[in-house]
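The values are calculated or read from the model by the stated rules, or taken from the named source; none is laboratory data. None of these values were measured; they are calculated from a predicted model. Methodologically, a virtual Cβ is constructed for each residue, glycine included, from the backbone with ideal geometry; neighbour enumeration extends over all protein chains shown.
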Ligand code: SF4
């Protein structure tokens, strides 16, 4: 799809978003936390479900009351409060360190000033914090401050590649820059939610459900997945037939040959 115009790519994206929104929508508004709270939430949500990260965040805040108190607490105390989110030993020091880096750089945990910066400068400011990458920065700017910032997670990267929203060979960093440019600012929040939902519910990493996919007609990857699927099915049919044939009549054949 090299050489495809920006206008064609935008049409492709708009059609996909319409279809995904009719299939899974209407989508709820994303959570609205203050930016520093959203940063903490994104750390808590790494490698766990939204439910678990939500519980861990609620525990943390009901115990400490404010993020200033979290920043001043010991790592062990933070760890105790976020156990339910998983990976507490990794996340507790990261939360404490990020909060203290913000206080050091900014004098407080109030990050509202990011709203007045261009998106690229906001991303730059947030990613100077050790432990914060472009995905978390994009989520904070988009969810908390309503800015048109792209955030790419594993679902968005995979589904965008399969649907050739991004060129197939593009790495995550390049895909981030590319999507930030190609997706219209007013589509970014919907793009984020719709593509992640599709990735979770239908276009999964291992076994995408291409035969039940609402955007299958627009997907250049569908044929290869369906071919593989029917090959796997026919192999498993053969195996089942062989088992039926061999087991009753050849009891001497060892199990590993069946
Ligand atoms: S057709 Fe298959 S690979 Fe393509 S988007 Fe749908 S589920 Fe994903």
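Couple of notes before you dig in:
- Residue within the range 143-159 that is under 21 Å from the mean Cα position of the chain (by Cα), without any contact (Cβ under 8 Å) to a residue 40 or more places away in the chain and in a helix (DSSP H, G or I) present: yes
- Of all the residues in the range 196-236, those that are more than 10 Å from the ligand (Cβ to nearest atom), within 21 Å of the chain's Cα centre (by Cα) and either assigned to a helix (DSSP H, G or I) or surrounded by 12 or more Cβ atoms within 10 Å (Cβ to Cβ) (or both) number 3.
- Among the conditions (1) outside any loop (DSSP other than H, G, I, E, B); (2) near the ligand (Cβ under 10 Å from one of its atoms); (3) modelled with pLDDT of 95 or more, residue 190 misses just one, which is (2).
- One residue alone among 33, 20, 60 is outside any helix (DSSP H, G or I) and at pLDDT 95 or above, and that residue is 33.
To keep it simple, each residue is scored yes or no on (1) part of a helix (DSSP H, G or I); (2) closer than 28 Å to residue 180 by Cβ.
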position: 54; (1), (2): yes, yes
position: 100; (1), (2): yes, no
position: 108; (1), (2): no, no
position: 114; (1), (2): yes, yes
position: 122; (1), (2): yes, yes
position: 130; (1), (2): no, yes
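- Considering the range 104-129, and only residues there that are crowded, with 16+ Cβ neighbours inside 10 Å and farther than 15 Å from residue 42 by Cα, the residue that is farthest from the chain's Cα centre (by Cα) turns out to be 109.
- Once the range 160-174 is narrowed to residues that are within 16 Å of the ligand (Cβ to nearest atom) and in a helix (DSSP H, G or I), the residue that is surrounded by the most Cβ atoms within 10 Å (Cβ to Cβ) is 160.
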